[in-house]
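Q: The structure is given below, and queries will be raised subsequently.
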Amino acid sequence: MTNENKLTAAENHAFYRMAVALVIPMALQNLINVGVTTADVVMLGKVGETALSGASLAGQVQFIMNLIFFGLTSGASVLTAQYWGKRDVRTIERVFGISLSFALCLGFVFLLAAQVIPRQLMLVFTEEEPVIEAGISYLRIVSWSYVPVAFTMIYLNLMRSVERVVVATWTYFISLVVNIIGNALLIFGLLGFPALGVRGAAYATLFARIVELGIVVIYINWKGNPVSLHLKDFIRFDKLLLRDFLVFSAPVVANELMWGLGMSANAAIIGHLGSAAVAANSVAQVSRQLIMVVGFGLSAATSIMIGKAIGEQKLRIAEAYARKFVWLSVGITLAAALALFFCRGFIADSMTISDQAKEYLRFMLFVVCYYAVFQSYNTTMVVGIFRAGGDTRIGFFVDVIGMWCFSIALGFVAAFWLHWGVKAVFVVLLSDEIVKVPITTWRYRKKLWLKNITREL
């Protein structure tokens, strides 16, 4: 690093103070969100492979929806973080209105699809009739949470860009507690409640999402909230701001959708290799999310801090922040991956799944360990650094090349043409992040992300 890009002692202290204040609450949020999925996996794993596989594959529908929402908020955060650096709160409120309007419409579309064509959605992921039936029963119930999720997820994610992260942490923590209690009561029929199995997990998730919405509505009306919502911002959009929103959000939505569809394609390929492979993959993916909670928190903090610095016209500091966040994300994820490596046997043995599924799981967890390190590096680059400065298009091309043209294409050939085993197919499917590293590194060094995109509105 050149001297002009080094932080002074005071700037270095400010960096770590801001990073800790942002990363810890967001890492807790990620941990809590993963905890909701983990609770379903662990409790449904006690019911059996069919229930676990059905709920896991049905959850792919919301997974895709959430990725679109994440794309909307990530694109909007490009604007809100930089306008926050300028302290232009009114423009931020307009961005909130645009984002929430799009999200609510999309949430309703996904709800309609889940209610009208649930079998067709499940057939994308598996052909096993018991798994399909379990997935349909889960999907029809949990889909009623899609519209509340649209509102709460967009709102809480955008509040991050104005450095209000604790409210989301508390909201998701309360939701986790409600979900776990609901799971215990309704999956297993404790305290006189009916034992509903996979349907009980869906009802618990639905109720938890309604609780989230209630908390957010209360917070919106709190006097200390720096950002207000105005009905007119949901109906009338500033033309220039709408154009900026679409310019920066559309590539991110496309990026997240391509990545989400890619992950769903992976799940579909694994889903056609048998319920043992599906059950093992379900646990492996939750484990991956668990060791990435800090990495994802760091990428979000990267976007906020760099975006704010760029909005304040502090480009030297923004570039120094980027370097620090890359090293932090890789180092912390590596430590978490090592912990998973030594615990993988215990995790497999603790699950009520077949011996074959346990064998698959031990191997999949080993692959996840090195995969997560590469994913942390690329996520910090694409989601954190590039998007902070408006360089939102590169992520789309990276995922098309790394996932669709490489890992998914080769995984499909390996599974259905060459008829390789589950382990070999899994290695191929989780090779995309390695392929992306040279591309993201080259883009980072080009410094196309280091620019101010705000307007005087």
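Q: Between Leu176, Leu241, Leu213, Leu246, which is within 24 Å of the chain's Cα centre (by Cα) and farther than 22 Å from Leu139 by Cβ?
A: Leu246
Q: A follow-up question, please. Name the pairs whose Cβ atoms lie under 7 Å apart, with the first residue in the range 421-449 and free of Cβ contacts under 8 Å to residues at least 60 places away in the same chain, the second hydrophobic (A, V, I, L, M, F, W, C) and open to solvent by less than 40 Å² (accessible area, probe 1.4 Å), and 6 or more positions between them or separate chains?
A: Pairs found: Ala424/Ala414; Val428/Ala414; Ile439/Val398.
Q: Then there is this: Which of the residues belonging to the range 399-434 are over 19 Å from Met364 (Cα atoms) and either part of a helix (DSSP H, G or I) or in contact with a strand residue (DSSP E or B) (Cβ under 6 Å, 6 or more places away or on another chain) (or both)?
A: Asp399, Val400, Ile401, Gly402, Trp404, Cys405, Phe406, Ala409, Val413, Phe416, Trp417
Q: Residues that are touching a Cys at 6+ places or on another chain (Cβ under 9 Å) and open to solvent by less than 10 Å² (accessible area, probe 1.4 Å): does the range 152-164 have at least one? Full working, then the answer.
A: At the first step, the residues of the range 152-164 found to be touching a Cys at 6+ places or on another chain (Cβ under 9 Å) are none.
There is no residue in the range 152-164 that is touching a Cys at 6+ places or on another chain (Cβ under 9 Å) and open to solvent by less than 10 Å² (accessible area, probe 1.4 Å).
Q: Give the residues of the range 214-256 that are out of contact with any Lys or Arg (no Cβ under 6 Å at 6 or more places or on another chain), surrounded by 18 or more Cβ atoms within 10 Å (Cβ to Cβ), among the aliphatic types (A, V, I, L, M) and over 27 Å from Val166 (Cα atoms), sorted by residue number.
A: Ala254
Q: May I pose another question? In the range 314-349, which residues are open to solvent by 60 Å² or more (accessible area, probe 1.4 Å) and either in contact with an Asp or Glu (Cβ under 6 Å, 6 or more places away or on another chain) or among the aromatic types (Phe, Trp, Tyr) (or both)?
A: Listed by number, the residues that qualify are Trp327, Phe341, Phe342, Phe346.
Q: Shifting gears a bit: Would you check if Ile32 is open to solvent by 20 Å² or more (accessible area, probe 1.4 Å), assigned to a helix (DSSP H, G or I) and of a type outside the set (Gly, Ala, Ser)?
A: Here the answer is no, as Ile32 does not meet what is asked.
Q: Give the residue, chosen from Thr441, Thr352, that is among the polar types (S, T, N, Q), surrounded by fewer than 17 Cβ atoms within 10 Å (Cβ to Cβ) and under 17 Å from Ala277 (Cβ atoms).
A: From the options Thr441, Thr352, the qualifying one is Thr352.
Q: Please determine, by comparing only the residues of the range 72-93 that are part of a helix (DSSP H, G or I) and charged (D, E, K, R), which one is least open to solvent (accessible area, probe 1.4 Å).
A: Glu93
Q: Please go through the range 182-213 and pick out each residue that is buried (at least 17 other Cβ atoms within 10 Å of the Cβ) and on the phi > 0 side of the Ramachandran plot.
A: Matches in the range 182-213: Gly197 only.
Q: Against the definition (open to solvent by 10 Å² or more (accessible area, probe 1.4 Å), closer than 19 Å to Asn266 by Cα and assigned to a helix (DSSP H, G or I)), how does Phe396 come out, yes or no? Spell out the reasoning first.
A: Numbers: open to solvent by 10 Å² or more (accessible area, probe 1.4 Å): yes; closer than 19 Å to Asn266 by Cα: yes; assigned to a helix (DSSP H, G or I): yes.
Spelling it out, Phe396 is indeed open to solvent by 10 Å² or more (accessible area, probe 1.4 Å), closer than 19 Å to Asn266 by Cα and assigned to a helix (DSSP H, G or I).
Q: Answer yes or no: is there a residue in the range 189-212 that is among the charged types (D, E, K, R), outside any helix (DSSP H, G or I) and closer than 30 Å to Val20 by Cβ.
A: no
Q: Something else about it: Please go through (1) polar (S, T, N, Q); (2) closer than 30 Å to Val47 by Cβ; (3) modelled with pLDDT under 85 for Asn179 and return the number of the only condition it doesn't satisfy.
A: Result: Asn179 passes all but (3).
Q: With the structure loaded, tell me whether Glu163 is of a type in the set (Asp, Glu), at positive phi and either out of contact with any Pro (no Cβ under 9 Å at 6 or more places or on another chain) or in a loop (DSSP other than H, G, I, E, B) (or both) or whether it fails that test.
A: yes
The values are calculated or read from the model by the stated rules, or taken from the named source; none is laboratory data. These numbers were taken from a predicted model, which means no experiment stands behind them. Glycine also receives a Cβ, built like all others from the backbone with ideal geometry; neighbour counts cover every protein chain displayed. Surface areas here come from the heavy atoms of the whole protein model, side chains and all, with no ligands, DNA or RNA. Shrake-Rupley method; radii C 1.70, N 1.55, O 1.52, S 1.80 Å.
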